[in-house]
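Beneath this line is the structure, given in structure tokens, with notes to follow.
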Amino acid sequence: MPMITIEKVSKWYNPQFQVLKNCTTAVEKGEVVVVCGPSGSGKSTLIKTVNALEPVQQGTIMVDGLNVTTMKKDLPKLRSRVGMVFQHFELFPHLKIVENLCLGQTIVLGRSEDAAKAKAMKMLERVGLTAHAQKYPGQLSGGQQQRVAIARALVMDPICMLFDEPTSALDPEMINEVLDVMVELAKEGMTMMVVTHEMGFAKKVANRVIFMDAGEIVEDAQKDDFFGHPRSDRAQHFLSKILAH
Amino acid sequence: MNYNWNWGIFWDQTPDATGTYFGSLMSGLQVTILLALCAWFIAFVMGSLIGIMRTLPARWAVFVGNAYIEMFRNIPLLVQLFIWFFVIPELLPGDLGIWIKQLRNGPFIAAMLGLGFYMSSRVAAQITAGINALPKGQRMAGTAIGLTTWQTYRYILLPLAYRIIFPPLTSEFLNTIKNTAPALTIGVLELTARARSMQEFSFQVFEAFSAAAAIYLVLSAVVTIGMRILEKRLAIPGFNEGK
């Protein structure tokens, strides 16, 4: 059974504007899937439907065997097990770094302050930011903030991770420090769904690449197939543009 | 202008022989402060509640919140005070209405409710604005780590929103203090009422109202300074410090 199943999912923002058109795909346990495509193609929306941050009008989404689309009361519990990293980090600016990492653990998972803090420090060490535990998000660089955001997801012991353009808002010199953490995660076998334009990252760690355009999954292929000989014209066109330099 | 200045009037006894005019003004000030604090409590609690409602995903909550604001914001304060004092007791079932009308603190309670609900509509508008000013991703981030809607408000949105709207909230509190003055029309013996009675008894109109004006100014200055200090203490490094 796949970790994430997306089946015939359609979403409309209003009756005239359909953002997702009959999208179907699946992510196996331990698989890394990169979602790419031109802006406005619906890739961010698609990834946000997985933990129901974006509701859908049609189709079914299953995570770890649980139907997310019909779930109501247990949704927060499920979300806590799905790690999410946002384009603009979205750390909580009024909480210290360590508090950012403890909030979900104590309130959602019911861990003790001490246990939460220990876990937080362990994950901060992992992303190389132990020294910044007592600072506020606003005092860190973008790259550091995004690493904290990844740590904030990891402290919840997620069964899979969703990344929504995690490096798009970063200065070029900070992109690699974030990608390094993600590559590390992928190597450890974390199930990951990553919306990104970083084709280097995709080539390095992705198992599969999904290409979206105008709300449709146009191509869903093994990495080598996708980069080697994309079937659709639109994917070829997209690749030729972003790999030109 | 033929006017007998007499700045010593404050130390004269009032005709009712309960103390000096100064003492009378001070007891008015006490009532003003107490009324402002009680009204602010209502304004803050109700304003927060309604302000939050207007940011919820549920349409009915937004509608109720909007209706509340339009009602309390768009009826003049004086009319609202009259409604609370003269009309509402009549509408209540017999005994309760009579009991309320005979309350010794009746005018104070009516003023507190009237001013509190009037100001709550303004506070609500500020709270809504504060919450809406936050990046949409903050709500999503809270939701994504598994917080419920209530927890997201409690731990993330509200602590940030209150900090953002601290300056306008300060000015709403100052407005609450100033808006205690109309309460004299329903018989609350607050500062302005005391100044007016001083003027009526002593004919020292300039001294009486200069004193009242000065006291309001000092009171506002104290509040402003206090709120500035509080704002600094609540400031978050890298978020809203150093303004």
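The values are calculated or read from the model by the stated rules, or taken from the named source; none is laboratory data. Owing to the predicted nature of the structure, the values given are computational and were not obtained by experimental measurement. All Cβ positions, glycine included, derive from the backbone under ideal geometry; neighbour counts span all protein chains shown. To get the accessible areas, we keep the full protein, side chains included, count just its heavy atoms, and leave off ligands, DNA and RNA. Shrake-Rupley method; radii C 1.70, N 1.55, O 1.52, S 1.80 Å.
Quick one: in segment B:189-237, which of the residues that are part of a loop (DSSP other than H, G, I, E, B) and in contact (Cβ under 8 Å) with a residue 24 or more places away in the chain is farthest from residue B:5 (Cα to Cα)? Break it down into steps so the answer makes sense when it comes.
Filtering segment B:189-237 for residues part of a loop (DSSP other than H, G, I, E, B) gives B:189-190, B:203-204, B:235-237.
Cutting the leftovers down to in contact (Cβ under 8 Å) with a residue 24 or more places away in the chain gives us B:189-190, B:204, B:235-236.
Working: B:189: 25, B:190: 25, B:204: 7, B:235: 48, B:236: 52 Å.
Selected residue: B:236.
Looking at residue A:192, is it more than 14 Å from chain B (Cβ to nearest Cβ), hydrophobic (A, V, I, L, M, F, W, C) and farther than 22 Å from residue A:1 by Cα? Criteria not met by residue A:192. Of the residues making up segment B:128-152, those that are open to solvent by 30 Å² or more (accessible area, probe 1.4 Å) and more than 14 Å from chain A (Cβ to nearest Cβ) are B:129, B:132.
In the set (1) modelled with pLDDT of 95 or more; (2) in contact with a Pro (Cβ under 8 Å, 6 or more places away or on another chain), the condition left unmet by residue B:220 is number (2).
Residues of segment A:136-174 that are more than 14 Å from every other protein chain (Cβ to nearest Cβ), part of a loop (DSSP other than H, G, I, E, B) and in contact with a Leu (Cβ under 9 Å, 6 or more places away or on another chain): A:167 alone. In segment B:61-75, the condition of being on the phi < 0 side of the Ramachandran plot and assigned to a loop (DSSP other than H, G, I, E, B) is met by at least one residue. Taken together, the residues in segment B:4-32 that are in contact (Cβ under 8 Å) with a residue 12 or more places away in the chain, farther than 16 Å from residue B:212 by Cα and open to solvent by less than 30 Å² (accessible area, probe 1.4 Å) amount to 1.
For segment A:175-245, the helices (runs of 4 or more DSSP H) that sit wholly inside it and include 2 or more residues that are crowded, with 19+ Cβ neighbours inside 10 Å are A:199-205, A:233-242.
What about residue A:63, is it out of contact with any Gly (no Cβ under 6 Å at 6 or more places or on another chain) and farther than 30 Å from residue B:237 by Cα? Criteria met by residue A:63.
Scanning segment B:161-174 for residues that are open to solvent by less than 20 Å² (accessible area, probe 1.4 Å) and in a helix (DSSP H, G or I) turns up B:161, B:169, B:170, B:172.
Applying the set (1) under 25 Å from residue A:181 (Cα atoms); (2) open to solvent by less than 20 Å² (accessible area, probe 1.4 Å); (3) more than 17 Å from the chain's Cα centre (by Cα) to residue A:9 leaves exactly one unmet item: (1). Residue B:153 passes every criterion in (1) aromatic (Phe, Trp, Tyr); (2) at pLDDT below 95; (3) assigned to a helix (DSSP H, G or I) apart from (2). What do you reckon, is residue B:158 within 14 Å of chain A (Cβ to nearest Cβ), in contact with a helix residue (DSSP H, G or I) (Cβ under 9 Å, 6 or more places away or on another chain), open to solvent by less than 30 Å² (accessible area, probe 1.4 Å) and at pLDDT 95 or above? When the stated conditions are applied, residue B:158 passes them.
Residues are listed down the side, and each one gets a yes or a no for (1) under 18 Å from the mean Cα position of the chain (by Cα); (2) open to solvent by 40 Å² or more (accessible area, probe 1.4 Å); (3) modelled with pLDDT under 95:
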site	(1), (2), (3)
B:35	yes, no, no
B:47	yes, no, no
B:58	no, no, yes
B:70	yes, yes, no
B:85	yes, yes, yes
B:116	yes, no, no
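Scan segment A:118-138 for residues that are under 22 Å from residue A:165 (Cα atoms), surrounded by fewer than 22 Cβ atoms within 10 Å (Cβ to Cβ) and touching a Pro at 6+ places or on another chain (Cβ under 9 Å) and the total you get is 1. Residue A:167 passes every criterion in (1) within 22 Å of residue A:200 (Cα to Cα); (2) in contact with a Gly (Cβ under 8 Å, 6 or more places away or on another chain) apart from (2).
For residue B:125, the test of being open to solvent by 10 Å² or more (accessible area, probe 1.4 Å), in contact (Cβ under 8 Å) with a residue 12 or more places away in the chain, within 30 Å of residue B:185 (Cα to Cα) and away from chain A (no Cβ under 14 Å) is passed.
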